[in-house]
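Report on the structure given below.
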Amino acid sequence: MAEISYPFDKDTNIGKPEEGGGRAAVTQNDWQNLATQFTGDRIDHVLNSSNMVTESMPFYAEVYDVNTIKVQRGEAMVGGFHYKLDAPTTVRVEHNLDQTYDRQDLLVIRVDLAKGYGRLEVSQGAATANPQVPRVLKERGGRWELPLYVIRVPKKQGQPVISPVHPYKAPEDVSAVAPAQAVAAHQAEGSFIRNLAPSAGGGQYEAFAGADGFTITRDLGDTRTYTPEIRYTRVAPSGLVTRGRYRRIAPNLVWYSVDINNPTNNDYWNDAQDNCMAFTLPKDAQLHGTNGQVFTGVMVNGGYDAGMPNFVDLRGYTWGGHKGDYVRMLYQNPKYLHEGLDYLRVFPRKSYILFSGVYETQGLK
């Protein structure tokens, strides 16, 4: 067995690779193996809302004539090696002489370890009925490419059309013990922040500092809990057993589950003829409010109490403009199908209500 390790201040165990084989010198292949662990292939430019003017971005390209593309300066990491174009240059695209089919080429930055340099190249595809973009090469110790533009080369020597496909450098992700919203104010636009201290501002979660502000992207760890309420009853319900769970699953999207049990001998009625009962959502995940939203639930009423069926299909709804924390409940008129949905006016004794699903929240500012 041979063990090789690098880079160290000096060679150790020369001729005895089984004892460690430490090396000071690093070959270009060694360097590629090492550097590709540190970073992927990226254009050296961190995007934000103020620096995406197309014509001034790195490697901006335009078709110069029927077989020439002009490329502006830029820098990139390709296969662990740094590449820099310090002045505009042109790249040749071969004519498509086919009279029937188009072709697709790929403009790349190609690092060639055998030749010992990196340069702009065009990988040429084939003119067919269904032309394919050439495969990007990623050969350790050989040729490694970063794609810049797909080039559609029309039949009959048509003028090429280019589409950008190159990736950019991303801001560094960070972790925090302070609430992520406070940390985000000091990070680059486009950063992700992980709030990892359960006691700091809402538990463990991931957040994004984007061009349109701060938002929690997803909760990490266990599901959050809250205590839902039943609102708009004649008397405040007592003796209810309420359980609520929720977690943020995407920016401004929350999964929730509400389980409210009435084990008492009381039927709780609504407080007005033109109103209906409602259940509450978490106070830190209130409704977005721009559009109305629909919720789905059931009520199980095994004793047919309060004149209600034993198993009731419930609908919750909110209306456009409502940015609060409650959802009104409705159910199908039990006597006449053509009457449609009625307001839910009673929460019968010995029954329970279940709601679950996904809804849109306001997000955090």
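Odds and ends about this structure:
- Candidate set: region 212-221, residues that are assigned to a loop (DSSP other than H, G, I, E, B) and at pLDDT below 90; chosen: the one farthest from P251 (Cα to Cα): G221
- Some residue of region 198-210 being over 23 Å from L354 (Cα atoms), at pLDDT below 95, within 29 Å of the chain's Cα centre (by Cα) and loosely packed, with under 11 Cβ neighbours inside 10 Å: yes
- The one condition in (1) in contact with an Asp or Glu (Cβ under 9 Å, 6 or more places away or on another chain); (2) open to solvent by less than 80 Å² (accessible area, probe 1.4 Å); (3) in contact (Cβ under 8 Å) with a residue 24 or more places away in the chain; (4) not in a strand (DSSP E or B) that I69 fails to fulfil: (4)
- Just one of the listed residues (A182, A209, A197) is of a type in the set (G, A, S) and assigned to a loop (DSSP other than H, G, I, E, B), and it is A197.
- Scanning region 166-177 for residues that are without any contact (Cβ under 8 Å) to a residue 24 or more places away in the chain and either open to solvent by 80 Å² or more (accessible area, probe 1.4 Å) or not acidic (D, E) (or both) yields E172, V174, S175, V177.
- Looking across region 23-44 at every residue that is open to solvent by less than 40 Å² (accessible area, probe 1.4 Å) and under 22 Å from the mean Cα position of the chain (by Cα), the one that is nearest to E172 (Cα to Cα) is identified as G40.
- Breaking point among (1) open to solvent by 40 Å² or more (accessible area, probe 1.4 Å); (2) modelled with pLDDT under 90; (3) under 31 Å from the mean Cα position of the chain (by Cα), for I4: (3)
- Candidates G363, G321 - the one that is assigned to a loop (DSSP other than H, G, I, E, B), crowded, with 17+ Cβ neighbours inside 10 Å, in contact (Cβ under 8 Å) with a residue 12 or more places away in the chain and on the phi > 0 side of the Ramachandran plot: G363
- Candidate set: region 222-240, residues that are closer than 30 Å to G190 by Cα and assigned to a strand (DSSP E or B); chosen: the one most open to solvent (accessible area, probe 1.4 Å): T225
- Matching option when the condition is surrounded by 14 or more Cβ atoms within 10 Å (Cβ to Cβ), of a type outside the set (G, A, S) and at pLDDT below 95, among L113, L106, L85: L113
- Residue-level check: of (1) part of a loop (DSSP other than H, G, I, E, B); (2) within 18 Å of E62 (Cα to Cα); (3) small (G, A, S), A129 misses just (2).
- One residue from P309, P282 being touching a Pro at 6+ places or on another chain (Cβ under 8 Å) and in contact (Cβ under 8 Å) with a residue 12 or more places away in the chain: P309
- Qualifying positions in region 311-365 - under 30 Å from A250 (Cβ atoms) and of a type in the set (V, I, T): T318, V327, I353, V358, T361
- Any hit, region 241-250, residues being in contact (Cβ under 8 Å) with a residue 24 or more places away in the chain, part of a loop (DSSP other than H, G, I, E, B) and surrounded by 15 or more Cβ atoms within 10 Å (Cβ to Cβ): no
- Of all residues in region 26-66, those satisfying the criterion of being assigned to a helix (DSSP H, G or I) and touching a Gly at 6+ places or on another chain (Cβ under 9 Å) are Q28, N29, W31, Q32, N33, L34, A35.
- Positions within region 270-299 being aliphatic (A, V, I, L, M) and open to solvent by 30 Å² or more (accessible area, probe 1.4 Å), in sequence order: A272, V294, V298
The values are calculated or read from the model by the stated rules, or taken from the named source; none is laboratory data. All of these numbers come straight from a predicted model, not from anything done at the bench. No Cβ is skipped: glycine too gets one built from the backbone with ideal geometry, and neighbour counts run over all protein chains shown. The accessibility values were calculated without ligands, DNA or RNA, using every heavy atom of the protein model including side chains. Shrake-Rupley method; radii C 1.70, N 1.55, O 1.52, S 1.80 Å.
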